[in-house]
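Please read the structure below before turning to the comments.
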Amino acid sequence: MIQAVRLRKHYGRTKAVDDLSFIVKPGRVTGFLGPNGAGKSTTMRMILGLDTPTGGDVTIDGKHYTELKQPLRKVGALLDAKWVHPNRSARSHLKWMAVSNKIPVSRVDEVLEIVGLSEVAHKRAGGFSLGMAQRLGIAGALLGDPEVLLFDEPVNGLDPEGILWIRQFMHRLADEGRTVFVSSHLLSEMAQTAQDLIVIGKGQLIAQTTTEQFISDATQDHVRVRSPHAGKLREILAASATVTEDAVDGALVVHGIPAPQIGEIAAENQIVLHELSPQRGSLEEAFMQLTKESVEYHAH
Amino acid sequence: MTLLAVERIKLFSTRSPYWCTALALVLGVGLTAIIAGTTEKGQMSIGLTQFGSSQLALAVVLVMSALAVTTEYRFNTIRATFLAVPSRTSALVAKTVVVAFIAAALGEIIAFGSWGLAKVMSPTSDLAINTGAEWRHVAGVGLLYGIGAVLAIAVGILVRQTAGAVAILLVWTMLLEGLIGIIPKVGIKIQAWLPFQNANHFLALGGGNTAEQPGAGIDFKLSQWGSLAYFAGIAVALLVVALVVAKRRDA
Ligand SMILES: Nc1ncnc2c1ncn2[C@@H]1O[C@H](COP(=O)(O)OP(=O)(O)O)[C@@H](O)[C@H]1O
Ligand SMILES: [Mg+2]
């Protein structure tokens, strides 16, 4: 279990992570979702003891990463596939990692086999394609047969074949009972990979829920309304619904009141309507909306 | 022991230590060959055999040592290292020990290689190593390299980038310490307390031909072994500062 409590990280005036609390449960794939710059990588670096939190705390099964005796046997991480010396062979790269945590060197060949890199084990890692580098990174994460696995944007820049491979791989790891924590800035990707979601925007928690619940909430029906008296209508509707404005044409976007009822409210208040259209939002749109709100919330 | 093995695997699974070793050998022994070849018959001395090792090749060894850490920062393998070994101090000390040991061994090879080559090229010269001072002058090169490596690694940890670390080390050893001597009166007083001047002082043969040697004319306050201890003290102090900084800052 990974537990973050009121975690904060400030870089100068940038609040990369701001009062973030969450729990990652064992035996499931948990997605860590947020737009670019939301603080996902920073959070992962703090989980792994690379960056020191400005405030708050994050632990793995109650211990700081830096307190783990042979950390690779407990936690496997792929933060960046490029963290390899380009002139070192794939095998040498894994070998020093194995020796450092007293993992038998035979395990190196095993993980190379698992990720399908046995053929190029003696080739220098600098010549690897992004997909191969990603596989090498995963081999490194698996080396100590850890219970907890962290992956930061593992599918970034991969071709569809590579993406599918990684997705299936993570499901396999979770099926084996491991804790898998994987970040992405794409909800559509997470929808297919994660069972639980931790959603952040601007370093703050937006939601922690199951993926199913999040998607049904996020794609909730809403109604587009245009009116010459938009301001007045907005005031009235805002009492019992969430009202935002379409950035393109200024139409009101109403969550929480169905279209017929909005029509009745308008009639009661003698407000002319130019448009009243029920909508079903797309996943990405809803996600953008959600994270944008968190941005706006901060601006005030 | 485990961590020493890790750093050994890391160091020898890349190419730059091999290149640096070869370059240090060629420059160190090569300069001796040129000196031996151009010195008049029978005039070669022990002092002349170690110009290459104690000046030229030393610079290459300092660069090699700094590279051992700056390349880790350059390719972010330092983060992979700290993930595998969260105790940063242990990981960096292990690296320092491995690199310093290799540097010291290389120093002995270059020093005695230069001496041996001079003996072959100039068989009529008196190159027998008899006195303690002569032994120190040749065998001491290894100690100098080992301590120099510690200092270079400390600079590498602090600066984190290759260009910066190399520039600092080369300017410091090849220019700065020598130039300070130009300052009237106080210059040589300051020089008596500069680390690489003291390193040279440790190697100094004494006796008749001191004027030819680096560090000549400086009034050192320490004995020759005292100078070595002083050089080592500065290297270790710098390393301690580097370790504290590395522990505190984000990887
Ligand atoms: N080392 C750093 N120094 C300064 N700012 C940083 C550093 N790392 C991240 N940031 C800033 O913190 C914010 C969060 O970044 P990051 O954690 O990389 O987000 P994500 O991984 O979600 O895209 C960004 O605004 C980024 O510019
Ligand atoms: Mg990121």
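The values are calculated or read from the model by the stated rules, or taken from the named source; none is laboratory data. No experiment lies behind these values; they were computed from the predicted model shown. Don't worry about glycine lacking a Cβ; one is built from the backbone with ideal geometry, like all the others, and counts go over all protein chains shown. For accessibility, only protein heavy atoms count, side chains too; no ligands or nucleic acids. Shrake-Rupley method; radii C 1.70, N 1.55, O 1.52, S 1.80 Å.
Find how much the distance from A:Glu110 to A:Ser277 grows on full extension, using 0.36 nm per residue of separation minus their present alpha carbon separation; answer in nm with one decimal.
Gain on extension, A:Glu110 to A:Ser277, equals 54.3 nm.
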Using +1 at the Cβ of each Lys and Arg and -1 at the Cβ of each Asp and Glu in the protein assembly as shown, identify which of A:Ile60, B:Leu151, B:His137 lies farthest towards the dipole's positive end. B:His137
P(r) of chain A in 20 Å steps, Cα pairs, percent per bin? 30, 47, 19, 4
Helix A:283-299 versus the longest principal axis of chain A: what angle, 0 to 90°, nearest 10, using Cα atoms? 80
Taking Cα pairs under 8 Å and at least six residues apart, what relative contact order does chain A come out at, in percent? 21
When the accessible area of chain A is computed with all protein chains present and a 1.4 Å probe, what percentage of it is carbon and sulfur? 50
Kyte-Doolittle mean at least 0.5 and Cα extent at least 24 Å along the axis: which DSSP H helices of chain B qualify? B:16-38, B:88-121, B:132-159, B:224-248
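Rounded to the nearest 20 debye, what is the charge dipole size of segment B:2-178 about its Cα centre when +1 sits on each Lys and Arg Cβ and -1 on each Asp and Glu Cβ?
The calculated dipole for segment B:2-178 is roughly 640 debye.
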Over the Cα atoms of segment B:140-243, Rg to Rh with Kirkwood Rh, two decimal places? 0.98
Over segment A:1-86, the quotient of the Cα radius of gyration and 2.2 N^0.38 Å is 1.10
Please give the residues from segment B:1-49 for which the solvent-accessible area of heavy atoms, probe 1.4 Å, is smaller by at least 40 Å² with all protein chains in place than with the chain isolated. B:Thr2, B:Val6, B:Ile9, B:Lys10, B:Ser13, B:Thr14, B:Arg15
Quick calc, chain A, dipole around Cα centre from Cβ unit charges on Lys, Arg (+) and Asp, Glu (-), nearest 20 debye, gives 1460
Please give, to one decimal in nm, the separation of the simple spin-label points placed at B:Gln161 and A:Asn156, each 7 Å out from Cα toward the Cβ. 2.1
Taking N as the number of residues in segment A:221-280, what value does Rg over Cα atoms divided by 2.2 N^0.38 Å take? 0.95
Taking the dipole about the Cα centre of the protein assembly as shown, with the C-beta of Lys and Arg at +1 and of Asp and Glu at -1, give me whichever of A:Ser277, B:Thr32, B:Ala68 is farthest to the positive side. B:Thr32
Using a/c under 1.5 as the rounded threshold, could you call the protein assembly as shown rounded, prolate or oblate? The axes a ≥ b ≥ c are square roots of the C-alpha gyration tensor eigenvalues, and prolate needs a/b larger than b/c, oblate otherwise. prolate
Starting from the Cα of A:Asp61, step 7 Å along the direction of its Cβ; do the same at A:Glu235; then give the gap between the two resulting points in nm. 6.0
Grab the other residues whose beta carbon is less than 14 angstrom from that of B:Val98, score K and R as +1, D and E as -1, and report the net. +1
Descending accessible area (1.4 Å probe), largest on the left, turns A:His10, A:His274 into A:His274, A:His10
Accessible surface, 1.4 Å probe, highest first, among residues A:Asp196, A:Asp175, A:Asp159: A:Asp175, A:Asp159, A:Asp196
Would you mind calculating the relative contact order of segment A:221-280 from Cα pairs under 8 angstrom and at least 6 residues apart, reporting the percent as a whole number? 52
Contact order normalised by length for chain B, with contacts defined as Cα pairs under 8 Å and 6 or more residues apart; what percent is it? 24
Taking every residue of A:97-110, the Cβ atoms of other protein chains inside 10 Å of its Cβ average out to 3
For segment A:69-202, the Rg and Dmax computed from alpha carbons only, in angstrom: 14.5, 44
Could you give the size of the charge dipole of the protein assembly as shown about its Cα centre, using +1 on the Cβ of each K and R and -1 on the Cβ of each D and E, expressed in debye and rounded to the nearest 20? 1840
Of all the C-alpha pairs in chain B, what % are more than 35 Å from each other? 17
